[in-house]
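For reference, the structure is listed below as structure tokens.
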Amino acid sequence: MATILSCHPAEEPFRVYAWMSGKIDMPEERLDSIFSNAARAGISGIYLECHGGYPSILDSTSFRDSAALTILRRAVPVAKKHGLELHAWMWTTNRCEETLLQAHPEWYEVNGLGESLADIEMYNRKHYRFLCPNHEGVAEYLKDRVRELAEVEGLDGIHLDFIRFPDAILPYGLHESRGVVQDKVYPQWDCCYCDECRAKFKAQTGIDPLELDDPTANPEWMQFRWDAMAQLADGLLEEIQACGLKASAAVFATPEEARKLVRQDWVQFRHADALLPMIYHTSYAQPAEWIETATREGVTALAAAGNKARLYSGVSVPRDGDFAGRIALARAGGASGICFFSLEAFFRHPEYWSQLQAATAAL
Ligand SMILES: [Zn+2]
């Protein structure tokens, strides 16, 4: 039974959430209409993206993210009006502000070829710029971003996305479309070999990771990177909670895949109120049933580690509108809730609102 695996009582209501991209130029009537539909469809809360890959205001004299603050300040009263929780969804180690790139190019991760993400466009993505968790200053910079978002009155939580290393291996269903061969880890996608990380690891182990023939086969080097990211993540989650807000993170699909693909040991994100593994099954070339399996792996791993975070299965909006089927899979895997990616699909398919409403009414 799923209830045996879940560390939360069966009587606790199963929650339904959705991610949505925040736009600074979205008219209030539009936002009102979307949130009204969402609430009627049985959604409890929205994770609203307020600093994505293409921030609306790229340059200012400070690092303060005014666009993100404006997006949130406009959305909070509308969410309250409809009884929705509102969580600020921020990109975390993947930062796209030009001001930061100019001020601290040394903060970015470096791949196994010695190339910095401040200089190259990994996977041909201009926004693919990840900060090194070991660099002095990075954690404090990100805590500043958390604290400024927390100033927004009425916010329910802050949600960390991209709290990980770059993809050493992309999820398997994406290799063909991205034109990559990743049958193993190759140095151009394997990070962080910056001077700081190399020196720190060498001081601990006597090994320069750049000299390892097969870096992935070295358990200490893997653990070093898992720990560095988990420590950064946990510090930020703790900061969110210290601001009186719910702390959550979007993480890779299963604990094992997260460690392997993006050096993300999310079971160790101990100050999370909720963790949302992104179980986008098609990206992993898996059938929808994998949602249940992957959810169970996460729930079991959290319980085994004594991590009390709730697990909400992150799933793609089902094209055929079978929301009830997705919810059933997440519940069977022991999740405390589900989160759909993303509400934009509902804009293109308004019939989804009533289909989701029918599914949540049955909960
Ligand atoms: Zn580094």
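The values are calculated or read from the model by the stated rules, or taken from the named source; none is laboratory data. All values reported here derive from a predicted model rather than from experimental measurement. FYI the Cβ positions are ideal-geometry reconstructions off the backbone, even for glycines, and counts take in every protein chain you see.
Of the helices (runs of 4 or more DSSP H) lying entirely inside the stretch 192-264, those carrying at least 3 residues that are under 25 Å from VAL299 (Cβ atoms) and not β-branched (Val, Ile, Thr) are 219-242, 255-262.
Tell me whether the stretch 257-278 contains one or more residues that are over 18 Å from the mean Cα position of the chain (by Cα) and modelled with pLDDT of 95 or more. No, every residue in the stretch 257-278 fails to be over 18 Å from the mean Cα position of the chain (by Cα) and modelled with pLDDT of 95 or more. Number of residues in the stretch 203-252 that are loosely packed, with under 14 Cβ neighbours inside 10 Å and within 26 Å of PHE341 (Cβ to Cβ): the value is 0.
Could you tell me whether ALA168 is within 16 Å of the ligand (Cβ to nearest atom), part of a loop (DSSP other than H, G, I, E, B) and of a type in the set (Gly, Ala, Ser)?
When the stated conditions are applied, ALA168 passes them.
Every condition in (1) away from the ligand (no atom under 16 Å from the Cβ); (2) within 19 Å of the chain's Cα centre (by Cα); (3) modelled with pLDDT of 95 or more holds for GLU97 except the one numbered (3).
Here's the yes/no breakdown for (1) under 16 Å from ALA258 (Cα atoms); (2) away from the ligand (no atom under 15 Å from the Cβ):
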{"position": "GLN188", "(1), (2)": "no, yes"}
{"position": "CYS197", "(1), (2)": "no, no"}
{"position": "ASP208", "(1), (2)": "no, no"}
{"position": "THR216", "(1), (2)": "yes, yes"}
{"position": "GLU238", "(1), (2)": "no, yes"}
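Sub-7 Å Cβ pairs linking a first residue in the stretch 327-340 that is assigned to a helix (DSSP H, G or I) to a second residue that is modelled with pLDDT under 95, at least 6 apart or interchain, are ARG331/ALA2; ALA332/ALA2, ordered by first then second residue. If the condition is being among the hydrophobic types (A, V, I, L, M, F, W, C) and either within 15 Å of the ligand (Cβ to nearest atom) or buried (at least 16 other Cβ atoms within 10 Å of the Cβ) (or both), then the stretch 100-119 contributes LEU100, LEU101, TRP107, VAL110, LEU113, LEU117, ALA118. For residues that are surrounded by fewer than 15 Cβ atoms within 10 Å (Cβ to Cβ) and free of Cβ contacts under 8 Å to residues at least 60 places away in the same chain, scanning just the stretch 171-186, find the one that is nearest to the ligand (Cβ to nearest atom). Checked the stretch 171-186; the qualifying residue nearest to the ligand (Cβ to nearest atom) is LYS184. Checking each residue in the stretch 81-119 for being touching a strand residue (DSSP E or B) at 6+ places or on another chain (Cβ under 6 Å) and β-branched (Val, Ile, Thr) picks out THR92, THR93, VAL110. Taking PHE162 as the residue in question, decide whether it is within 14 Å of the ligand (Cβ to nearest atom) and crowded, with 18+ Cβ neighbours inside 10 Å. Judged against the criteria, PHE162 is not a match. The residue that is farthest from the ligand (Cβ to nearest atom), counting only those in the stretch 126-151 that are under 18 Å from the mean Cα position of the chain (by Cα) and assigned to a loop (DSSP other than H, G, I, E, B), is HIS127. For the stretch 188-205, the set of residues classified as touching a residue at least 60 places away in the same chain (Cβ under 8 Å) and of a type outside the set (Asp, Glu) consists of GLN188, TRP189, CYS191, CYS192, TYR193, CYS194, CYS197, LYS200, listed by residue number.
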